[in-house]
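The values are calculated or read from the model by the stated rules, or taken from the named source; none is laboratory data. As the structure is a computational prediction, the values presented were derived from the model and not from experiment. Cβ: placed from backbone, ideal geometry, glycine included. Neighbour counts: every protein chain shown.
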Amino acid sequence: MTMSDIAVRVAGLGKRYRLGSRSVGGTAYEAIAAAVRAPLRCFSRTPPPEYIWALKNVTFELRRGEVLGIIGRNGAGKSTLLKVLSRITEPTEGAVDLYGRVSSLLEVGTGFHPELTGRENIFLNGAILGMRRGEIAKKFDEIVAFSEVERFLDTPVKHYSSGMYLRLAFAVAAHLESEIVIADEVLAVGDAAFQKKCLGKVGEVAKAGRTAVLVSHNMGLMHALAQRCLYLRRGEVAAHGEPREVIEQYLSETINPQDANRPTLEGYRRGPSADLPVAITGVWCGEQSRGVQRVAMGAPIAMGVALRVLKELHGANLTITLKNAQGERVVVLFSWDREFSLFLPPGDHVITVRIENLVLAPGRYFADVGVNRSTRSTAYDVIVDFPVFRVDNEGHVIHWLERPWGAVHCPTVTWKTTP
Amino acid sequence: MTEPVRAVAADAAETGSDPPATPTIRIRPHSGLAPLRLREVWEYRELLYFLAWRTIKVRYKQTLLGAAWAILQPVFAMVVFSLIFGRLVGMASDGIPYPLFVYAGLLPWQLFAQSVAESANSLVNNEHLLTKVYFPRFVIPASTILVSLLDFTVAGAVLAGLMGYYGIAPAGAVWAVPLLVLQAVGTALGVGLWLAALNVRYRDIRHVVPFLIQGWLFLTPIVYPSSLVPRGWHLALALNPMTGVVEGFRWALLGTKPELGGALGISAIITLVVLVSGVLCFRRMERTFADLL
């Protein structure tokens, strides 16, 4: 690798936070602060500060045009790493060198003002993201076309639906020109059709030879886009390399059946957060209390979904998508297809489904669960990539199936040689 | 920082050449004094305009009187002061009609006070920007001053009207007005940067600012002429940079004789000290903003 191939170099990066006051300490300035606080000392005895390393000894290099996916559980330091890379916060130790213009998208619509019109917000948001006025003007039509809000350009965005708002915000961000893109879970916004468009745009970025650092909980996306993955565990690099291997390791660690810390639903929720008429409060296989279950190969699979209904549901649709560890869809169940719709009064309800004749290859399986308005694709609440069960091979000699060779279905077969 | 990078990017696209061998952005932990990077602030000047533009656009949305508020605030203060100090107290005003006398002082004062108050809260108010996007943080307090300057210009029209009404022609030293505005802005920026940076860590500042401004108003010869202050106190009066600005305004526009004379040089020096220390303090504390907000 020659020098000029490198786009991002991160060496020994560490970021320390002080617990409690969330400050970073140990400077002359800190001393002044202590002096200011001194008069209060006699009243409150402050315990010695506790520190936590949000990032520790993170080292990696990215070549030009490479897409790096960062994965890890919530609180593993992914966002902190992005914040350091995008210069929002300073590292406590280590060094970062970036070769080229950087655009960072830690959120879509940063700086959008509800009182300003769509047109005005495009210019404002563009300027905040580092675009020049001329640059924005040049791309204006493109941005508007992408966002699909032409008709409402001169309406204050406070009157926009949340979907329109997000589309406009993403459209501005998608038209940034830079050699290095840093993005945090902002890729999937809006309805299904727009999400597809967003992902297409992200794919374009990757193909156009731009270097990217992406954070996502969507493992399928990581598989598709990233050339390399970095798995962060409690601020440290747990694995780094081939996406397939790194994702496999991450998933196996996070859904270990022996793990007492059963994954909670919250980290997997992707629904619109405000004013849900219904929320998914539990997803499980077998018995609700037991966490990730082991399922014998070929045995019927029973799944349960707990719903908390706040506003009466008049015919909602429940969808369950089972995916394997590679993020491939194995089974898609629409309750609608079986003429099963949800007519539920407010309160807690449990929906169960029994799946038969499903002979899955051994391995870990994940569920996307969504409650949708039946007539439209609008989702009330969505849970994505939630680990639900593990299929055991029950003594069959098929270790090879655990390797990602694409096997999904494991039918009963009989081999025979005829003389 | 952005400009040279962009040039390189354009080259790379056209000729397919490699990006620079030296990093365009180096991120290192810092200690001690941070470099000023004024050039970077210059690169982000458009953002500065846009933020000011946003404030102005949004401020008068859904208001009945709109931009008239920029005039009403100083005019209202002038009326109140004229009634209380001009009529009731019968305050001396260096031979100038009291309303005009007090308004000529209030005009630069409003510029200063508004700049300080707005910039002191600017970082906390823009928390969502500071924790999500990178840009030189200096742009945020600086943009509030740009807004105050606009209000100042609008309110200045009233002064011209008052001078016409009282039949007072501008004195010969009108040329000095831009310099005095510069001093007011410099002082406000210095104080504002100090307060804005401290406000991130100690939210007490938010509550201190109104008192600070009110006290400062009466320590500055706005409602009273400095000739009313005993000679022995003149040096103390001149330590306040706003004394120089207010006295200077009346001298430049209304032709009053500046009572303090040479002592005003001191106030210019103080302005410089406040500004430089404010910028240094701000740069020093800037790196922890995102962690503290």
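What the table below lists for this structure:
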item: Conditions (1) within 14 Å of chain A (Cβ to nearest Cβ); (2) hydroxyl-bearing (S, T, Y); (3) surrounded by 14 or more Cβ atoms within 10 Å (Cβ to Cβ); number of the one not met by B:S93; result: (1)
item: Complete set of residues in the range A:390-399 that are at pLDDT below 75 and either of a type in the set (K, R) or surrounded by 10 or more Cβ atoms within 10 Å (Cβ to Cβ) (or both); result: A:D392, A:N393, A:E394, A:H396, A:I398
item: Considering residues of the range B:240-258 that are among the aliphatic types (A, V, I, L, M) and within 19 Å of B:V185 (Cβ to Cβ) only, the residue nearest to the other protein chains (Cβ to nearest Cβ); result: B:M242
item: Within the range A:121-155, considering residues that are more than 13 Å from B:F50 (Cα to Cα) and of a type in the set (S, T, N, Q), the one nearest to the other protein chains (Cβ to nearest Cβ); result: A:T155
item: Condition met for B:P221 (farther than 30 Å from B:K132 by Cβ, over 17 Å from the mean Cα position of the chain (by Cα) and in contact (Cβ under 8 Å) with a residue 40 or more places away in the chain); result: yes
item: Candidate set: the range A:106-120, residues that are more than 7 Å from chain B (Cβ to nearest Cβ) and within 19 Å of the chain's Cα centre (by Cα); chosen: the one surrounded by the fewest Cβ atoms within 10 Å (Cβ to Cβ); result: A:G109
item: Subset tally (residues that are outside any helix (DSSP H, G or I) and either within 14 Å of chain A (Cβ to nearest Cβ) or in contact with a Lys or Arg (Cβ under 8 Å, 6 or more places away or on another chain) (or both)) for the range B:259-288; result: 2
item: Residue match in the range B:78-90 (condition: facing chain A (nearest Cβ under 10 Å) and hydrophobic (A, V, I, L, M, F, W, C)); result: no
item: Residue within the range A:64-78 that is surrounded by fewer than 23 Cβ atoms within 10 Å (Cβ to Cβ), modelled with pLDDT under 90, within 30 Å of A:S252 (Cα to Cα) and within 13 Å of chain B (Cβ to nearest Cβ) present; result: yes
item: Selection within the range B:27-51 - more than 11 Å from every other protein chain (Cβ to nearest Cβ) and either loosely packed, with under 15 Cβ neighbours inside 10 Å or farther than 23 Å from A:G100 by Cβ (or both); result: B:P35, B:L36, B:R37, B:L38, B:R39, B:W42
item: Residue satisfying condition, being at positive phi, in the same structural domain as A:L307 (by TED's automatic domain parsing), of a type in the set (D, E) and in contact (Cβ under 8 Å) with a residue 60 or more places away in the chain, within set A:D385, A:D348, A:D381; result: A:D385
item: Output for the range A:321-350, where each listed residue is of a type in the set (A, V, I, L, M, F, W, C) and within 22 Å of A:I247 (Cβ to Cβ); result: A:L322, A:A325, A:V330, A:V331, A:V332
